[in-house]
Amino acid sequence: MATTETARTSQTTQIYERLRAAILSLEIAPGERLTERGLEAAFSASRTPVRAALLRLDSEGLVQRGQRGFAVAPIDIVEIGQLAELREAVETAAIRLAVARASDDDIAALVAMLDDSRGRIDAVPAGDAFHEQLARISGNPLLADSVRGAMTRLARTRWLEAQTAESREAAWQEHRRILAALEARDPDRAAMLVADHIRGTNLRLLASLRHFENPGERTRTVTLRLPAINSQARTTRV
């Protein structure tokens, strides 16, 4: 019995991680239905681990459960603004605490992490890790957890915003200036740079969505044109 439960837990984790990665990278588009029967076939899994993985994604706000089953959650422009407000409040508080509490070794490790990420294509997970670790060295793990949750909800739009090498380099430079203020133990400048970075990122996120906006719509929806797995384009309403 224990072996069976362990196997189900492992399979649930695998299904969850693969679906989560596909949703965050927009390989599975916002609004796309996820049928349990289809996922069972795709993963050669029983209903129990598939349902458990979907419920876990639901708890993260990445899928929604409706009368017809599960679907990938839409991208909500209002929520993007709310998350920016949350991030500014949490991350400016975290950087002030980090200035006071983080050790020189903590800061040096974060500098090394940032330097290693420069020029990488996978800028979104690298950026997420930077912001979470910046909050973590504040000494308050609840702040880090809050940042991680916000970055997860923003990940799909951040993939759009970080498509070009220029945008990735601009974000890297902003991160480096934040660390310079942290190294100088300057809480006011560090907090100001974090706030400016978050506000700028929010503006870029909204601009990346407007690029795909359907001018005829007056609701909080956008139309994204995404590459399908077979390399043909598909239009998805989110």
Distance between modelled label sites at residue 184 and residue 85, nm, 7 Å Cα→Cβ extension = 3.1
Among 9, 92, 157, 201, rank each residue by its count of other Cβ atoms within 10 Å, from fewest to most, as a rough exposure measure.
-> 9, 92, 201, 157
Contour minus Cα-Cα span, residue 112 to residue 42, at 0.36 nm per residue, comes to 21.2 nm
Under the Karplus curve 6.51 cos²θ - 1.76 cosθ + 1.60, θ = phi - 60°, whole-Hz ³J(HN,Hα) for segment 162-173, x wherever Gly or Pro sits | 9, 6, 9, 5, 5, 5, 5, 5, 4, 5, 4, 4
At most 16 other Cβ atoms within 10 Å and a DSSP loop assignment: could you name the trypsin sites (Lys or Arg not before Pro) in segment 117-171 that fit?
-> 118, 120
Over segment 77-210, one equal point on each Cα, no solvent: what is log10 I(q)/I(0) by the Debye formula at q = 0.09, 0.11, 0.13, 0.22 Å⁻¹?
-> -0.22, -0.34, -0.48, -1.45
Among 17, 36, rank each residue by its count of other Cβ atoms within 10 Å, from fewest to most, as a rough exposure measure.
-> 17, 36
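Each reported figure results from applying straightforward, stated rules to the coordinates on display, with no laboratory input. Bear in mind that the values here come from a model prediction, so they are computed numbers and not experimental data. Cβ coordinates were reconstructed from backbone atoms using ideal geometry, including for glycine residues, and neighbour counts include every protein chain displayed.
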